[in-house]
1. From (1) within 22 Å of A:Leu35 (Cβ to Cβ); (2) more than 11 Å from chain A (Cβ to nearest Cβ); (3) charged (D, E, K, R), pick out the condition that doesn't hold for B:Glu108.
2. Yes or no: the range B:168-175 includes at least one residue that is open to solvent by 70 Å² or more (accessible area, probe 1.4 Å) and touching a Gly at 6+ places or on another chain (Cβ under 6 Å).
3. Search the range A:23-79 for residues being part of a loop (DSSP other than H, G, I, E, B) and among the small types (Gly, Ala, Ser), and hand back the single one that is farthest from the other protein chains (Cβ to nearest Cβ).
4. Condition first: among the aliphatic types (A, V, I, L, M) and either crowded, with 18+ Cβ neighbours inside 10 Å or touching a Pro at 6+ places or on another chain (Cβ under 6 Å) (or both). Now tell me which residues in the range A:250-265 satisfy that.
5. Does the range A:210-239 hold any residues that are under 15 Å from the mean Cα position of the chain (by Cα) and open to solvent by 10 Å² or more (accessible area, probe 1.4 Å), and which are they?
6. Looking only at the range B:127-140, count how many residues are touching a residue at least 12 places away in the same chain (Cβ under 8 Å), more than 15 Å from B:Val181 (Cβ to Cβ) and open to solvent by 40 Å² or more (accessible area, probe 1.4 Å).
7. Would you confirm whether any residue within the range A:242-249 is open to solvent by 10 Å² or more (accessible area, probe 1.4 Å), closer than 25 Å to A:Asn107 by Cα and assigned to a strand (DSSP E or B)?
8. Just checking, which of A:Val99, A:Val41, A:Val59 is touching a residue at least 60 places away in the same chain (Cβ under 8 Å) and farther than 30 Å from A:Asp122 by Cα?
Amino acid sequence: MGKRIIAIAVVLSCTVWAQTPSWQRRAPETGPLELFHALHVSMLPTAETLQQGDLEFEVSHRFIPTIDSGADAFYGFDGPANIRLALDYAVTDRLLITVGRTNVQDNLELQIKYKALQFRHDRFPVLVSLRGGSAYNSEIFAPVKSSVRRWQFYGQLIANTLVGEKLGIGVVPSYLYNSHIFCCDPQYSFTFGSYVQYYASPHWSVFAEWNPTVSGWRKTYDSFSLGLELETGGHFFKIILTNNDKLNSSLFLAGADRDFWAGDMRFGFMITRLIKL
Amino acid sequence: MKHLTFSVLFIAAVVTAQEYHVDRKAENLVKFTSDAPLEKIVGTTKAIDGYVLLQSIDGKQSGEFQFEVDLATLDTGIGLRNRHMRDNYLETKRYPFAVYKGRIIEAEETADGYRVKTQGIFDLHGVQKEMTIDGRVTATEKGYRAESRFEIALADFKIERPQLMLLKVGEVVQVEVEFYVVPAK
């Protein structure tokens, strides 16, 4: 009798041991939608922002002599160079504020970028950001009609996608007000920028950028850039070949002074470093 | 008759087996620390989930469990670093969870709870490895609080170690886990 009960007990206990839990796994978090790796391609912005509280420091150069100046000028690297220093700060995960300064006309700019929309999609995820900025040209070489004309304003819509996690594609229609500060009447420039960036490995990528002026005032040529990007932890190093030697958006969007297709290209670089306070 | 009493007690004891779930609203914390030369990286998340089926047999605590951490939620404090960790090293799209599934093999009563030894399979980055992890369990108002510290050798789980700037990661990362379980509803 006792043995039988023990047997029953064992069977029962086994059933209890084999009890399947009612717990069920929840779907994993998807995390933020992130497409391009850096905040810029060459001079046009990507739709990316930073994580709240992150700071990014940028230093960029555009060497003014073109590469065809040859070995004597070390292909332009002997300078002189246009220089930009900038600091980005993420107020929230979606809102980025940038202060930038370039030695060209001592142009000081303030930008705001807002990550407005994100569409998750297996093949064509899309991020859309808005960017607005104002710039003040504090040191100018010719008189302007009034001191108000030292100010420039611009707005950009940025749409990005990333195909197969390798090929980033973006369009950046931009509107710049007062694109020629010395002109009698205020001019505007409407450009329709686009770029592609191919991420060959976690560290290396190549990119091309084109910013044609659709209407309004343009310097002599549309801007083109080709470049190579190295990403190492919190750094981005970019080596750029471009016909536009300007580095702050309000100066860049007005167009280029050299003909890219005639080989009038300049070397430039951009180095950014993420800083956590 | 003696057998009968024992069996009945045995059944009674076994039937008290109870399922507990991680209380996701509690102050749970999963933290890893990588202490490489020049760079200490700390990553944290609250996203731990799982269950434990607790059994008390002859007054001895035992049980089986599965605990898992949603790796995409790990935050090292820098957005880009998180992205590198997710995309290049942990590959969270392919392997979203770190899972430890096993059973309690020893439970020693202490002044405020139990010191437990567990054995199970640790599943991380698509690699399964048998591990033994010790922990402390204390009773709370509603259930139990569990805490544990252990080490993970990245090479064991085929996690490449980033060597370039900012992301300097040690060969071994320290993991600290603290979470609460409450009876399953």
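The values are calculated or read from the model by the stated rules, or taken from the named source; none is laboratory data. Note that this is a predicted model, so its numbers are computed, not measured. With ideal geometry, Cβ positions are generated from the backbone for all residues, glycine too; neighbour counts draw on all protein chains shown. Remember, those area values only see protein heavy atoms, side chains included, never the ligands or the DNA or RNA. Shrake-Rupley method; radii C 1.70, N 1.55, O 1.52, S 1.80 Å.
1. (1)
2. no
3. In the first step, residues of the range A:23-79 are kept if they are part of a loop (DSSP other than H, G, I, E, B); the result is A:23-39, A:41-44, A:46-53, A:64-66, A:70, A:77-79.
Next, from what is left, pick out any that are among the small types (Gly, Ala, Ser): A:27, A:31, A:38, A:42, A:47, A:53, A:70, A:79.
Values: A:Ala27: 9, A:Gly31: 5, A:Ala38: 9, A:Ser42: 19, A:Ala47: 14, A:Gly53: 8, A:Gly70: 34, A:Gly79: 27 Å.
Going through the qualifying residues, I end up with A:Gly70.
4. Here is the first cut: in the range A:250-265, the ones among the aliphatic types (A, V, I, L, M) are A:251, A:253-254, A:256, A:262, A:265.
If the condition is that a residue be among the aliphatic types (A, V, I, L, M) and either crowded, with 18+ Cβ neighbours inside 10 Å or touching a Pro at 6+ places or on another chain (Cβ under 6 Å) (or both), then A:Leu251, A:Leu253, A:Ala254, A:Ala256, A:Met265 are the ones that fit.
5. To start, the set of residues in the range A:210-239 that are under 15 Å from the mean Cα position of the chain (by Cα) comprises A:210-211, A:225-231, A:234-239.
Scanning the range A:210-239 gives A:Trp210, A:Leu226, A:Gly227, A:Leu228, A:Leu230, A:His235, A:Phe237, A:Ile239.
6. Narrowing the range B:127-140 to residues touching a residue at least 12 places away in the same chain (Cβ under 8 Å): B:127, B:129, B:131-140.
Okay, now just the ones that are also more than 15 Å from B:Val181 (Cβ to Cβ), so B:127, B:129, B:131-134.
Narrowing further to those that are open to solvent by 40 Å² or more (accessible area, probe 1.4 Å): B:129, B:132, B:134.
Matching residues across the range B:127-140 total 3.
7. The answer is no, given that none of the residues of the range A:242-249 is open to solvent by 10 Å² or more (accessible area, probe 1.4 Å), closer than 25 Å to A:Asn107 by Cα and assigned to a strand (DSSP E or B).
8. Values: A:Val99 fails: touching a residue at least 60 places away in the same chain (Cβ under 8 Å); A:Val41 fails: farther than 30 Å from A:Asp122 by Cα.
Being touching a residue at least 60 places away in the same chain (Cβ under 8 Å) and farther than 30 Å from A:Asp122 by Cα holds for just one of A:Val99, A:Val41, A:Val59, which is A:Val59.
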